[in-house]
Amino acid sequence: NAEYMGMSSSEVEEFQRLLEELYVVHDTYFEADRKDKISVSVKHILSGLQAFPTPNDARTKALLLFIRGKTLDALPEYSKEAEEALSKATKLDPYSSDCWNCLGHVFWKKGDLESARKCFEGALQSCGPNKISLRQLSMVLRTIQADGETRQQNAKEALVKAKESVKLDVTDAMSWYILGNAHLCNFFVNEKTFSELVRALKAYQQAENCTGSSLNPDLFFNRGTVYAFLENFQLAVEDYEKAHQIDPSLGADQKADKIVNFIAKTSLTISTKGRLKQNRLSSLLKSLPSTLPPSFGREMAFLSELNIGSNAGKVLVVKSVLPIPREGDIPVCFVVADGRANFLSLSIYNVDLGVYERLRESETLFILDPTLKVTSLRYKEKHWSFLSLRVVDPSKIVIDGQPLQPSIVSSNFVSETFAS
């Protein structure tokens with residue numbers, strides 16, 4: 001073995017092995033003593049490095065500085081020592097993508113996103129394409145705070161970088177996961193079409209098919225959020241439970257509980273007809289029109305006359321009975337009733353939460369070309385099922401002769417961060 005001022009290559013390899021073991025715990029272990037395990041490993045590696053003199057060889061010196069910096073970066077908080085060590089390492093070995101990527105990671109934790117971006121771009125320029133730089137650049141582009149066209153362009157570029165990362169290694173679970181998140185971000189910033197969410201789900205599925213994905217709680221958390229947004233509540237709850245089993249600190253169990261409570265409340269409101277007394281219900285529905293103005297150019301229908309799926313050329317006229325908010329998230333939801341006292345839920349996409357004020361109780365809604373579906377959930381030996389309407393284009397809802405106006409909205413979803 002070659003000697004570096006008293007340090008053999010086998011000793012350098014031992015530090016690399018210890019670093020790898022540290023990050024196995026960091027990336028896949030989420031028990032209550034996780035922080036303690038990481039802290040013990042960090043101290044062990046740092047004390048070992050401290051016992052050796054600084055080598056003369058620049059690349060070996062850079063490697064040891066990298067090991068020191070990445071070791072410190074395993075701790076939850078930003079480390080100035082890590083930044084200093086990695087900054088020196090990139091100067092000594094500017095062609096090491098590991099050094100650039102880890103330094104960018106440290107800048108991210110510091111909150112200096114522009115410097116993080118420059119590091120990842122620097123790694124690609126100096127070292128050529130590599131999947132880690134590409135996917136971390138994708139992540140930071142999506143996180144940089146920007147408005148208007150800059151934000152839209154960042155989301156598009158983030159998607160491009162994520163796709164390039166996957167092309168370099170189609171068996172890498174993390175790259176597929178980052179691609180799924182990039183599609184998800186692009187949906188809210190640019191596309192606004194459900195096909196982009198389908199692409200996100202396909203990428204998440206590819207990630208799940210890869211080795212090692214079963215230990216990534218964020219994969220299941222984010223996919224659960226997409227399923228919840230699409231109102232596939234069964235799969236959403238199942239993914240949130242998987243995320244919670246891996247990492248209880250994420251709060252995925254609370255997400256699942258909120259879905260269960262929402263479904264239970266909606267189902268109860270529908271089955272009890274909003275607990276309205278018969279006189280009140282009759283009075284409420286009496287004001288619904290029995291015919292449509294010719295301007296609609298469609299046929300009026302009751303709920304029992306609709307098919308599951310799309311009902312082009314039909315108009316369902318309903319009364320708003322009760323809002324059922326989903327913890328500030330979208331779509332906005334109501335329980336409504338048609339002229340024959342059939343109750344069902346109504347979900348409206350692409351509107352802001354101000355719609356809850358706009359659609360007051362007893363408001364008459366004309367729903368054009370309604371899409372009808374069955375919403376169901378099985379959870380802990382309980383089963384709920386009810387009919388629901390999904391309106392993606394708000395202008396398909398007419399109130400007081402005016403179509404409901406769409407709004408630019410975003411959903412609250414958790415994406416990956418470098419904070420832990």
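The values are calculated or read from the model by the stated rules, or taken from the named source; none is laboratory data. What you see is a predicted model, and the numbers here were worked out from it, not measured in a lab. Cβ sites come from the backbone with ideal geometry, for glycine too, and all protein chains shown count toward neighbours. These accessible areas exclude ligands, DNA and RNA; they are computed on the full protein's heavy atoms, side chains included. Shrake-Rupley method; radii C 1.70, N 1.55, O 1.52, S 1.80 Å.
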Relative contact order for the chain using alpha-carbon pairs under 8 Å, separation at least 6, rounded to a whole percent?
-> 10 percent
Using only the Cα atoms, work out Rg/Rh for region 98-183, with Rh taken as the Kirkwood radius, to two decimals.
-> 0.95
For region 230-236, what does the Karplus curve 6.51 cos²θ - 1.76 cosθ + 1.60, with θ = phi - 60°, yield as ³J(HN,Hα) per residue in whole Hz, taken in order and with x for Gly and Pro?
-> 7, 6, 8, 5, 4, 5, 4
Taking the Cα-to-Cβ direction at T364 and at D57 and moving 7 Å from each Cα, how far apart do the two end points lie in nm?
-> 8.5 nm
Exposure ranking of M174, M300, M139 by accessible area [1.4 Å probe, largest first] = M174, M300, M139
Cα-projected label distance for S9 with V24, points at 7 Å along beta-carbon direction, nm | 2.4 nm
Specify the residue with the greatest mean-square fluctuation among V335, V351, V24, computed from a Gaussian network of the chain linking alpha-carbon atoms under 10 Å apart.
-> V24
Dipole of region 106-195, Cα-centred, from +1 at each Lys and Arg C-beta and -1 at each Asp and Glu C-beta, to the nearest 20 debye?
-> 120 debye
Can you quote the Å³ per residue value for the convex hull of the Cα atoms in region 30-87, rounded to an integer?
-> 75 Å³
Roll a 1.4 Å probe over the protein heavy atoms and report the accessible area of R142 in Å², nearest 10.
-> 40 Å²
Accessible surface of region 19-101, 1.4 Å probe, proportion on carbon and sulfur as whole % | 52 percent
Net charge near A58, counting Lys/Arg +1 and Asp/Glu -1 over other residues with Cβ under 14 Å of its Cβ?
-> +2
According to a simple spin-label model (label point 7 Å from Cα along Cα-to-Cβ), what is the distance in nm between Q153 and L387?
-> 5.0 nm
How would E381, E357, E241 line up by accessible area, probe 1.4 Å, largest first?
-> E381, E357, E241
For region 48-149, which semi-axes, largest first and in whole Å, follow from the square roots of 5 times the eigenvalues of its Cα gyration tensor?
-> 26, 16, 9
If the viscosity is 1.002 mPa s and the temperature 20 °C, what Stokes-Einstein diffusion coefficient in µm²/s follows for region 159-287 when Rh is the Kirkwood radius over Cα pairs?
-> 130 µm²/s
What number, in percent, do you get for the relative contact order of region 24-122 if the mean sequence gap of Cα pairs under 8 Å and at least 6 apart is divided by its residue count?
-> 20 percent
Please report the relative contact order for region 5-56, taking Cα pairs under 8 Å with a sequence separation of at least 6, and give it as a percent rounded to a whole number.
-> 58 percent
Phi to ³J(HN,Hα) by Karplus 6.51 cos²θ - 1.76 cosθ + 1.60 over region 266-279, Hz, x for Gly, Pro = 5, 4, 5, 4, 5, 5, 9, 6, x, 6, 7, 5, 4, 4
Among N279, N232, N186, determine the one that fluctuates most according to a GNM of the chain built with springs between C-alpha atoms less than 10 Å apart.
-> N279
GNM, the chain, Cα, under 10 Å: largest mean-square fluctuation among S407, S214, S267?
-> S407
Angle between the Cα long axis of helix 194-209 and the longest principal axis of the chain, 0 to 90 degrees, nearest 10?
-> 40 degrees
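Assign unit charges at the C-beta atoms only (+1 for Lys and Arg, -1 for Asp and Glu), then state the dipole size of the chain relative to its Cα centre in Debye, rounded to the nearest 20.
My answer is approximately 1620 debye.
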Note on the chain: C-alpha Rg/Rh, Kirkwood Rh, two decimals, gives 1.11
Considering only DSSP beta bridges with both partners in the chain, what is the antiparallel share in %, to the nearest 5?
-> 80 percent
Kirkwood hydrodynamic radius (C-alpha pairs) into Stokes-Einstein, region 257-388, 4 °C and 1.567 mPa s, D in µm²/s | 84 µm²/s
Enumerate the calculated ³J(HN,Hα) couplings along region 300-310 in order (Karplus 6.51 cos²θ - 1.76 cosθ + 1.60, θ = phi - 60°), each rounded to whole Hz, writing x wherever the residue is Gly or Pro.
-> 6, 9, 9, 4, 5, 9, 8, 9, 5, x, 6
